[in-house]
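The values are calculated or read from the model by the stated rules, or taken from the named source; none is laboratory data. Note that this is a predicted model, so its numbers are computed, not measured. Cβ coordinates were reconstructed from backbone atoms using ideal geometry, including for glycine residues, and neighbour counts include every protein chain displayed.
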Amino acid sequence: MADLEELYREIILDHYRSPRNRGELDSPPAHRVEGFNPLCGDEVVLSMVVEDGTLADLKIAGSGCSISQSSASLMSAAVKGRPVGEVRQLISTFKGMMSIHEASLEHDGDGADEPEEIDLDKLGELAALQGVVKFPVRIKCATLSWNALAQGLDEVAVEAS
Amino acid sequence: MAVTPPPSPAGAGAAPLNVEALRKDFPLLSRVVNGKPIVYLDAAASALQPRSVIDAMTRYYETTHANVHRGVYATAEEATALYERARVVAGRFIGAPDPAHEIVFTKNTTESLNLVAHSWGRANLRAGDAILLTEMEHHANIVPWMILSEEIGGLDIRYIPIDGGGRLVLDDLDALVDGVKLVGITAMSNVLGTIPPLAQVAEVAHRAGALVVADGAQLVPHAPVDVTALGADFLAFSAHKTMGPTGLGVLWARAALLEGMGPFLGGGGMILDVKLDSFRPAPPPARFEAGTPPIAEAVGLTAAIEYLSDIGMDRIRAHELALTEYALARLDEKLGSDCRIFGPPAGPDRGGVLSLAYRGVHAHDLAQVLDQFGVCVRPGHHCAKPLMRKLGVQATARASLSLFSDEHDIEVLIEGLLEAGRLFG
């Protein structure tokens, strides 16, 4: 069951069993955003505080499968306290990793149109989630919290302007 | 329970199925997934097709295909005859008194129920009218009524509650049904496997002057059904859950009821005459079948119903009930209280649908691990979110039985669940 072990790496199971930055912040002042996966009913609730261009605080609530919950936990550990610009870049890199499979499906794997190389080193622990791309249905689980984070940052930016 | 005289405990009198021989009828069962022989436990989502269904459709395309109700050449006449024959076969399968005039072909059960909401509902329901559904309905028997409610300025939508065992609570039925114009009820829950006492509910509903629309998607493929005994005014089911092809649904209603209903979709085939400023609809069932219908699919449904009828619906029901009993006992024996199975215990009011939660492992993760064992189950909310909320779960993993399911399938399911428990425990 090599595929299964690749999907459920130890680090993913660890974040699933002991999720980091779990909970909710008072909103306001924190900004609150929800993400849903209508397919499986998974939900994630992010509360975030952006101060001086930095994602100063982030808490995650909600419930779902091991992939959605560990991805949210790993994300929170990776982005909390970092400048918003860097966070956005990480979101883009992570979603790039998650789209590798879709891209290779579209191009029939002939290698002619390989997607841009993703620098997995930049992702650190998050690279553990790359096994998900072999299970296309689960990609939505892995990206649920990331999409919610992107939406939240957009909303905060609009409020600030 | 007057749905069908339920085969007495595990179907005394009905000869048991030769499952080993029957499995050879299903080409897909020879597939290997993830290095394991497939264990197909997802009939409630979509059933597999016996070779006779696939062959009938291929033969139709190779020898007969033409559009129906139009051409006068030989194959067009033959195609029309095959299509209309499917209507009669489908009607007889559920005991329709006048099958040629009472069966409407749609896309699926969902479209059949939407047809009722659209054509009957729009003409007969007004703002403030009450309808009664159940807490264990599929979204397909909830959302069409909500859409209609929004359009006409608000329906009073009531629900028959369920108890902890997954059965309908009928103590207050008289009060609930008072003033109601329509009762929408599943003939068998796609989550719990519960087979509610539909005839009893229908009797009370009719006394109160309400019509009854039954969602037969799960019951019709797995038990003998007779619409007269069932007591419903409308009954919907899908070909693909009845071992036929996708893309074809059935709606049964008494001819007089269909006569009084306006069209559903507009277009070719559903009219008597069209002028620049008006049209006259065709009589039923053509009135409700605009456009080229799923002809090959109707041919496939005929073959599927013939396949099931040759085996015998009472024998299929008895087999699946006995296997449900086996599965519930084995799951309890091997997994104990770690495994929560929703719905009533095996018995006349329980079909072969096993929704389960195991050791807090999310249904998606359970299904992913089971896939490595070749086991196909459905994780998720099963298009019954109000029911999920009532059960207090976000999702369940659902194993559902077919006539070819056997004890080995259940053992592999248990093996996979134990592995998921080890992985996530």
Identify, from the list A:L25, A:L7, the residue that is surrounded by 16 or more Cβ atoms within 10 Å (Cβ to Cβ) and either within 14 Å of chain B (Cβ to nearest Cβ) or touching a residue at least 60 places away in the same chain (Cβ under 8 Å) (or both).
-> A:L7
Scan (1) touching a residue at least 24 places away in the same chain (Cβ under 8 Å); (2) on the phi < 0 side of the Ramachandran plot for the single condition B:G179 breaks and write down its number.
-> (2)
Does the range B:343-357 hold any residues that are crowded, with 24+ Cβ neighbours inside 10 Å and in contact with a helix residue (DSSP H, G or I) (Cβ under 9 Å, 6 or more places away or on another chain), and which are they?
-> B:R350, B:G351, B:G352, B:V353, B:L354, B:S355
For A:P38: the one exception among (1) facing chain B (nearest Cβ under 10 Å); (2) under 29 Å from B:E415 (Cα atoms) | (2)
Do we have any residue at all in the range B:303-313 that's within 16 Å of B:L418 (Cα to Cα), of a type outside the set (K, R) and part of a helix (DSSP H, G or I)?
-> no
Taking B:A322 as meeting all but one of (1) closer than 14 Å to B:A14 by Cβ; (2) in contact with a His (Cβ under 8 Å, 6 or more places away or on another chain), write down the number of the exception.
-> (2)
Check A:V33 against each of (1) surrounded by 13 or more Cβ atoms within 10 Å (Cβ to Cβ); (2) on the phi > 0 side of the Ramachandran plot; (3) away from every other protein chain (no Cβ under 11 Å) and name the one condition it does not meet.
-> (2)
Odd one out for B:R422 among (1) touching an Asp or Glu at 6+ places or on another chain (Cβ under 7 Å); (2) within 12 Å of another protein chain (Cβ to nearest Cβ); (3) surrounded by fewer than 20 Cβ atoms within 10 Å (Cβ to Cβ) = (1)
Hits in the range B:200-221 (condition: in a loop (DSSP other than H, G, I, E, B) and farther than 29 Å from B:A399 by Cα) | B:A208, B:G209, B:A210
Consider only pairs whose beta carbons are under 6 Å apart and that are at least six residues apart or on different chains; among these, list those whose first residue lies in the range A:61-86 and is in a strand (DSSP E or B) and whose second residue is surrounded by fewer than 21 Cβ atoms within 10 Å (Cβ to Cβ).
-> A:A61/A:E24; A:A61/A:V45; A:G62/A:E43; A:G62/A:V45; A:P83/A:G53; A:P83/A:T54
Take the residues of the range A:10-22 that are of a type outside the set (A, V, I, L, M, F, W, C) and within 10 Å of another protein chain (Cβ to nearest Cβ): which is farthest from the chain's Cα centre (by Cα)?
-> A:R17
Qualifying strands (runs of 3 or more DSSP E) (wholly inside the range B:338-409; at least 3 residues being more than 13 Å from every other protein chain (Cβ to nearest Cβ) and in contact (Cβ under 8 Å) with a residue 24 or more places away in the chain) = B:353-358
Identify, by number, the condition in (1) surrounded by fewer than 17 Cβ atoms within 10 Å (Cβ to Cβ); (2) under 16 Å from A:N147 (Cα atoms) that A:A61 doesn't meet.
-> (1)
Give me the pairs: first residue in the range A:113-129 and more than 25 Å from A:E10 (Cα to Cα), second residue at pLDDT 65 or above and in a helix (DSSP H, G or I), beta-carbon distance under 8 Å, and six or more apart or on different chains, which are they?
-> A:P115/A:G96; A:P115/A:S99; A:E116/A:G96
The correct count of residues that are surrounded by 24 or more Cβ atoms within 10 Å (Cβ to Cβ) and among the charged types (D, E, K, R) in the range B:220-256 is 1
Number of the exception - A:E43 against (1) within 14 Å of chain B (Cβ to nearest Cβ); (2) modelled with pLDDT of 90 or more | (2)
Taking B:L331, is it within 14 Å of another protein chain (Cβ to nearest Cβ), assigned to a helix (DSSP H, G or I), of a type outside the set (D, E, K, R) and farther than 27 Å from B:T134 by Cα?
-> no
Conditions (1) within 12 Å of chain B (Cβ to nearest Cβ); (2) of a type outside the set (D, E, K, R); (3) closer than 22 Å to B:M388 by Cβ -> A:S70 fails only (3)
